Each structure stands twice: as structure tokens, then as C-alpha cells.
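Here's the structure, in C-alpha cells; my notes come after.
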Amino acid sequence: MTKIPYRLGKIKRQSLAEEAYRYLKDQILSGNIRQGDMITEQTVADILHMSRTPVKNALSRLESENFVTTLGGRGTLVNVLSIADMRDIYSVRIALEVLALDTAINNLSAKDLEEIHSVFTKSLKDYKKDKTSLSAEEMYQLDNIFHDLFIEHTSNHYIRKLMPSISERIQVGQLQAYIMTDTFETSTLQHLKIIEALEAKDLPEAKRLLHAHLEWSYNVMFEAMIKNGKRISE
């Protein structure tokens with residue numbers, strides 16, 4: 001009986017560390033905490049109304065995932081994703097997503113494709129009518145819905161396991177690209193062509209279109225990263 005309070009206390013500490021981890025990761029991925037920013041344990045602890053211990057554990061977890069780097073007693077630096085990093089990540093992303101289509105094409109139902117076709121057709125129509133109808137965050141979410149479709153329906157469970165971490169790495173860059181560029185219409189038209197190839201069960205064409213789309217997406221993000229770097233340095 002005497003062990004129960006101890007175990008409950010341990011669970012509570014893990015929960016606080018998880019809360020701090022989720023908070024910090026969400027702030028980094030949303031761009032509210034920017035790449036190159038410094039984080040201090042005490043500041044986060046004050047915001048979340050907790051001690052520094054769970055925050056320290058959360059930062060250690062983020063460091064193991066390469067989101068941050070601890071700088072001794074000076075604080076913790078949010079790692080900057082370089083253009084070379086982004087190129088390497090996109091090379092992996094392209095390979096995995098195109099591979100996912102091999103089995104996803106047979107697992108996607110006509111209803112699945114009809115529904116997502118309808119979503120993107122309506123979004124494009126609304127955007128053409130009023131470009132302020134969609135925020136950068138909403139554009140990013142729509143993009144995720146499209147690409148997650150292949151990952152969720154692939155029979156390759158290794159791809160399903162690997163892709164979430166890949167997607168997290170490029171989230172900030174994608175959001176920045178939608179903020180700094182007017183590419184939603186082009187992106188959506190490309191999405192629709194891929195969906196139509198899948199509806200026709202034309203796997204080679206769907207893979208060709210997806211590969212070209214992801215190459216285009218990388219180039220858009222590359223330009224946005226260059227522009228953002230220039231803007232920050234001015």
C-alpha cells in the first residue's frame with residue numbers, strides 16, 4: 001500500500017514532462033519559437049507553472065530528436081535547419097511517398113478519392129474567389145491531408161512509422177513557404193492531377209506526377225528559405 005503514492009507521483013512527473021515536451025515541440029513546429037532562438041528552462045517553467053525538472057527532461061528529449069542543442073548553463077538553442085538538411089530530408093520524403101503509392105493505390109477506395117477530390121476542388125474555387133479565404137496554416141493542413149492519404153493507405157508499415165518525423169522536420173519550412181509565396185493554386189492543381197491518375201488506377205503516371213510535385217515543392221521551399229534568410233539579415 002505504501003508504494004501507491006510513490007507510483008502516482010512518478011506518473012505525475014512523467015505527465016508534466018510530456019506536457020512541457022508537447023508545448024515546446026508545438027511552439028517550434030508552428031514557428032512561434034523560431035530556429036536560432038534561445039530557450040531557458042526557467043522561462044518555460046514559469047509559462048507552464050511547473051518546476052524546471054520536467055522542462056529539463058522535455059528539452060533532453062527534444063535534443064535527442066535534434067530539434068535543439070543544450071549550451072551548458074547558457075540555455076538551449078533551437079537548431080537551424082539548413083538548406084542542405086532540407087535537401088536531404090526531401091530526398092527521403094520523395095523516395096518514401098512515391099514508394100507508398102505502390103500499395104496505397106489498391107487500398108484507396110473510390111469514395112476516398114472522390115472525397116479528397118471534392119475537398120481540393122472546393123478549396124481551389126474558394127481561393128480563386130478570395131485569396132484571403134485560406135490562411136497559411138489552413139493551406140498547410142490541406143497539403144498534409146493530401147500527402148497523409150498515401151501514408152495512411154500504404155501497406156508498408158515502415159513508411160507509416162518513418163514519415164511523421166520527416167513531416168515534422170519540414171513543417172516550419174512549409175508554413176513559411178505558404179506565407180511568403182502565392183503557390184496554393186499551382187500546388188492544388190498538381191494535387192488534383194495526382195488524384196485523377198489514382199482514380200484511373202494509372203500507377204506509373206501517379207508516381208511520375210507525385211515525384212514532379214515534390215521536386216517542385218522543394219524548389220518553392222528553397223526559394224522561401226533564401227528569401228527569409230535575406231529578410232532576417234537585413
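The values are calculated or read from the model by the stated rules, or taken from the named source; none is laboratory data. For clarity, every value in this text was computed on a predicted model and none was experimentally measured. Neighbour counts are summed over all protein chains in view; Cβ atoms, including those assigned to glycine, are modelled from backbone coordinates with ideal geometry. Accessible surface areas use protein heavy atoms only, side chains included; no ligands, DNA or RNA. Shrake-Rupley method; radii C 1.70, N 1.55, O 1.52, S 1.80 Å.
Within segment 30-142, what whole-number % of the accessible surface is contributed by carbon and sulfur, with the 1.4 Å probe and all protein chains included in the calculation?
52
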message: In Å and on Cα atoms, what radius of gyration and Dmax does segment 41-142 show?
response: 21.0, 57
field: Cα gyration tensor shape of segment 94-145, rounded if a/c is under 1.5, else prolate or oblate by comparing a/b with b/c
entry: oblate
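Accessible area per residue, 1.4 Å probe, Å², for segment 100-234: what's the number?
Numbers: 7220 Å² over 135 residues.
Result: 53 Å² of accessible area for each residue.
With an 8 Å cut-off on Cα pairs and a minimum separation of 6 or more residues, tell me the relative contact order of the chain in percent. List each step's numbers first, then the result.
On the way: 201 pairs, mean separation 47.6, N = 234.
Over the chain, the number comes to 20 percent.
Could you tell me which trypsin sites (Lys or Arg not before Pro) in segment 10-62 are loop residues by DSSP with no more than 14 other beta carbons within 10 angstrom of their beta carbon?
On the way: sites: Lys10, Lys12, Arg13, Arg22, Lys25, Arg34, Arg52, Lys56, Arg61; in loops: Arg34.
Filter output for segment 10-62: Arg34.
Semi-axes of segment 150-208's equivalent ellipsoid from the Cα gyration tensor, sqrt of 5 times each eigenvalue, largest first, rounded to whole Å? Numbers along the way, then the final one.
Numbers: eigenvalues 107, 83, 9 Å².
They are 23, 20, 7 Å, listed from largest to smallest.
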field: Evaluated over the chain, the Cα radius of gyration and Dmax, each in Å
entry: 20.7, 66
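Note down the relative contact order for segment 19-130 as a percent, whole number, built from C-alpha pairs under 8 angstrom at least six residues apart.
On the way: 68 pairs, mean separation 24.8, N = 112.
Value for segment 19-130: 22 percent.
Kindly flag which residue pairs out of Lys111/Lys201; Lys122/Lys201; Lys131/Lys207; Lys122/Lys161; Lys125/Lys207; Lys111/Lys193 have an alpha-carbon separation exceeding 20 Å in this structure. Each step should come with its number before you reach the end.
Details: Lys111/Lys201 14 Å; Lys122/Lys201 23 Å; Lys131/Lys207 30 Å; Lys122/Lys161 31 Å; Lys125/Lys207 26 Å; Lys111/Lys193 17 Å.
Going by Cα-Cα distance, Lys122/Lys201; Lys131/Lys207; Lys122/Lys161; Lys125/Lys207 fall outside the 20 Å limit.
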field: Under 5 Å, built H, 5+ apart or other chain: amide partners of Ile39
entry: Thr76, Leu77, Val78
